[in-house]
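Chemist: Submitted below is the structure of interest, expressed as structure tokens.
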Amino acid sequence: MKLKKYISILLLLLVTSFAFSQVKFQAKVSKNKLAVNERLRIDFEMNRDGDNFNPPSFSNFTLMGGPNQSVSHSWVNGVRSFKKTYSYFLAPKKRGEFTIGQATIEIEGEIYKTSPIKITVTTAIEKPKDPNDPNYLASESIHLVAEISKTNPYVNEAITVLYKLYVSPTTGVDNWRVMDSPKYNGFWSQNIKNENQKVETGTYKGEEYRFIVLDKVVLYPQKTGKLNIEPLTLDVSVQVPTNRRNIFGERMMARVNKTYSAGNKVIKVKPLPVAGKPADFSGAVGDFSFKVSTTKTALNATEALEAKVEVSGKGNLKLLTLPKIKLPSSLEVYEPKHSEKVRTNLAGMKGRVSDTYTIVPQYKGKYPIPSISFSYFDLKTETYKRIASSEIVIDVVEGPINNATAKPAVASATHVEKTPVDNIDSQFAYIKTKTTLEPIKNRVFFKTPLFWTALLLPFLAIPLALFINNKKNLRDADISGNRKRKANKLARKYLKDAKRNLTKKEAFYVALEKSLHNYLKAKLQIETSDLSKDRIEMLLLERHVAESVVKDFNSILESCELARYTPINKAAMQEDYNKAAQTISLIDKQAQ
């Protein structure tokens with residue numbers, strides 16, 4: 001057995017040594033399809049140094065530059081690597097399909113050849129660019145891309161967005177600055193930490209590029225239809241090669257600042273199927289398990305136990321509404337404590353959420369916790385599933401008996417037992433029957449300060465009454481101002497109502513929406529019939545309100561509409577309330 005083991009190790013070492021010593025000689029092109037007025041780069045790469053390099057014939061192309069030779073050495077995990085490259089820059093002479101033939105080189109006495117490469121040359125592009133223009137080179141060499149995992153998800157199905165910056169091998173990037181971050185209106189979103197940004201190698205539109213992942217975002221669409229993901233925009237400092245060379249013959253680099261955008265993306269969100277939807281379905285989408293458990297099933301009266309309602313698995317866990325347990329009235333139940341142990345990665349949310357109820361029985365007896373169910377939409381089978389818990393019986397073994405549940409005694413209708421009352425004088429000793437009254441001294445009121453004050457006060461009140469009456473008449477005549485004050489008063493009232501109903505989703509969003517509408521009616525002096533999104537946006541912009549503030553205002557109104565048919569937690573409601581109050585304050589300051 002040992003001999004076989006040693007032979008296996010020896011063969012593995014031989015194969016590994018052979019793999020590392022294998023010679024590679026290949027040709028790579030910047031693109032396989034180009035316009036007749038564009039340029040093509042071709043690189044001939046080898047991992048071992050050689051002699052007598054012979055390029056193929058470029059008969060269908062004009063040689064614009066090259067050969068440029070580069071050599072690199074590197075050590076990775078104790079293994080040495082070598083790369084030598086010959087680069088050529090070509091311009092096609094005409095349209096058509098052409099084949100770049102084989103290049104040859106001699107390495108350690110052996111002749112190696114590259115594979116032929118097919119190139120398609122199309123008609124000229126509409127606006128020919130100068131291939132030596134640094135701005136053109138920067139726009140062709142760097143691409144900011146938003147890669148979306150799925151563009152046609154269900155409501156509450158997780159999708160991921162990766163923002164990648166692709167950079168060609170001949171171009172350098174000094175730094176970048178975020179000019180505009182994307183907004184995810186209509187989505188629940190969470191950014192994934194991307195601390196260890198590293199440069200990777202990949203392909204973009206069939207060409208080899210280096211790239212770095214700038215940001216990772218997980219999105220859960222909250223409504224159906226077309227939803228826009230606004231673009232990420234960067235200002236990038238780019239280094240591109242020029243035709244100038246230094247005294248050593250090396251190509252010099254030019255630095256330009258260029259703005260790149262990932263582009264607007266449209267997500268088409270599908271509604272969940274109506275067929276088979278359970279009556280108690282609350283919007284859970286994913287793959288879940290469900291259980292109801294108690295810390296104990298037998299105890300004495302006034303002792304406490306805990307009942308936990310828990311959902312675990314993968315899906316929109318932070319957006320769930322957990323079912324409520326129903327308990328007999330003889331059990332004292334406290335408000336549940338909500339707990340979330342959820343982690344979010346590129347696959348979406350995973351973990352568990354639970355509500356824990358503290359229960360204190362008051363009387364002896366057996367009390368059932370009825371079965372409750374949890375429904376969700378399974379993305380794998382695209383069907384609804386229901387999980388029901390088992391009934392749990394709480395046995396209170398020691399404690400007082402609840403007389404309300406016992407059979408009441410029947411009183412006799414013909415005999416009522418009376419209790420005699422003893423007549424004791426001391427029972428009424430607290431009632432006093434004698435008084436100790438004293439006469440009040442005579443005091444003169446005429447010509448006292450109080451007399452003069454009472455006499456002159458009506459005359460002093462006449463000018464004040466006239467002033468107040470004039471102010472009231474002016475205020476009543478100001479119809480526009482009265483309407484504004486009334487709407488402002490209603491806005492404040494409904495904002496208070498919204499804050500009071502933070503635990504009641506529908507009442508909260510109805511009050512919040514009313515407060516926003518009444519505020520607009522006051523501020524813009526418009527009627528309810530004019531409260532359309534476009535009309536609001538136009539009027540606010542005319543009043544010189546910042547565009548970002550207008551977008552925030554519209555997004556709050558959208559949240560009010562959305563919340564009526566999607567699950568919203570208390571934290572999201574508090575965030576919407578704070579955002580509404582802040583936005584109203586900003587509009588007050590900016591509107592002219």
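FYI, it's all coordinate maths here, none of it is from the lab. Just so you know, these numbers come straight off a predicted model, no measurement behind them. All Cβ positions, even for glycine, are placed from backbone atoms using ideal geometry, and neighbour counts span all protein chains on display.
Chemist: Treating only the Cβ of Lys, Arg, Asp and Glu as charged (+1, +1, -1, -1), what charge dipole size does segment 285-396 show about its Cα centre? Round to the nearest 20 debye.
Modeler: For segment 285-396, the charge dipole is close to 300 debye.
Chemist: Could you give the length gained on full extension between Glu537 and Lys270, defined as 0.36 nm per residue of separation minus the Cα-Cα distance, in nm?
Modeler: 93.3 nm
Chemist: Then there is this: Leu232's amide H: which non-local residues (gap 5+, or another chain) put their own amide H closer than 5 Å, with H modeled 1.01 Å from N in plane and none for Pro or chain starts?
Modeler: Result for Leu232 returns Ala262, Gly263.
Chemist: While we're here: At 7 Å along the Cα-to-beta-carbon direction for both Glu340 and Glu506, put a label point, then send me their distance in nm to one decimal.
Modeler: Simple spin-label model gives 2.4 nm for this pair.
Chemist: Please work out how much length the chain gains when fully extended from Ile192 to Asn578, using 0.36 nm per residue of separation minus the C-alpha to C-alpha distance, in nm with one decimal.
Modeler: 136.5 nm
Chemist: Hey, could you grab the Kirkwood Rh for segment 163-207? Inverse mean 1/r over distinct alpha carbon pairs, Å, one decimal.
Modeler: 14.0
Chemist: With a ≥ b ≥ c taken as the square roots of the eigenvalues of the C-alpha gyration tensor of segment 132-174, please select rounded if a/c is under 1.5 and otherwise prolate if a/b is larger than b/c or oblate if it is not?
Modeler: Cα axes put segment 132-174 in the prolate bin.
Chemist: Treating each Cα of segment 165-256 as an identical point scatterer and ignoring solvent, apply the Debye formula and state log10 I(q)/I(0) at q = 0.16, 0.19 Å⁻¹.
Modeler: -0.87, -1.06
Chemist: Given Lys150/Lys380; Lys270/Lys385; Lys472/Lys514, which pairs have Cα atoms separated by over 23 Å?
Modeler: Lys472/Lys514
Chemist: How long is the gain from Gln102 to Glu207 if the chain were fully straight, where each residue apart is worth 0.36 nm and the alpha carbon distance is subtracted?
Modeler: Contour length minus the Cα-Cα distance gives 35.8 nm.
Chemist: Could you tell me which of rounded, prolate or oblate describes segment 22-122, using a ≥ b ≥ c as the square roots of the eigenvalues of the alpha-carbon gyration tensor, with rounded for a/c under 1.5 and, failing that, prolate when a/b is larger than b/c and oblate otherwise?
Modeler: prolate
Chemist: Then there is this: Net charge around Tyr209, counting only other residues with Cβ within less than 15 Å of its Cβ (Lys, Arg = +1; Asp, Glu = -1)?
Modeler: +1
Chemist: Let me ask another. Report the net charge of residues surrounding Ala465, where surrounding means a beta-carbon distance below 14 angstrom and charges are Lys +1, Arg +1, Asp -1, Glu -1.
Modeler: The answer is +2.
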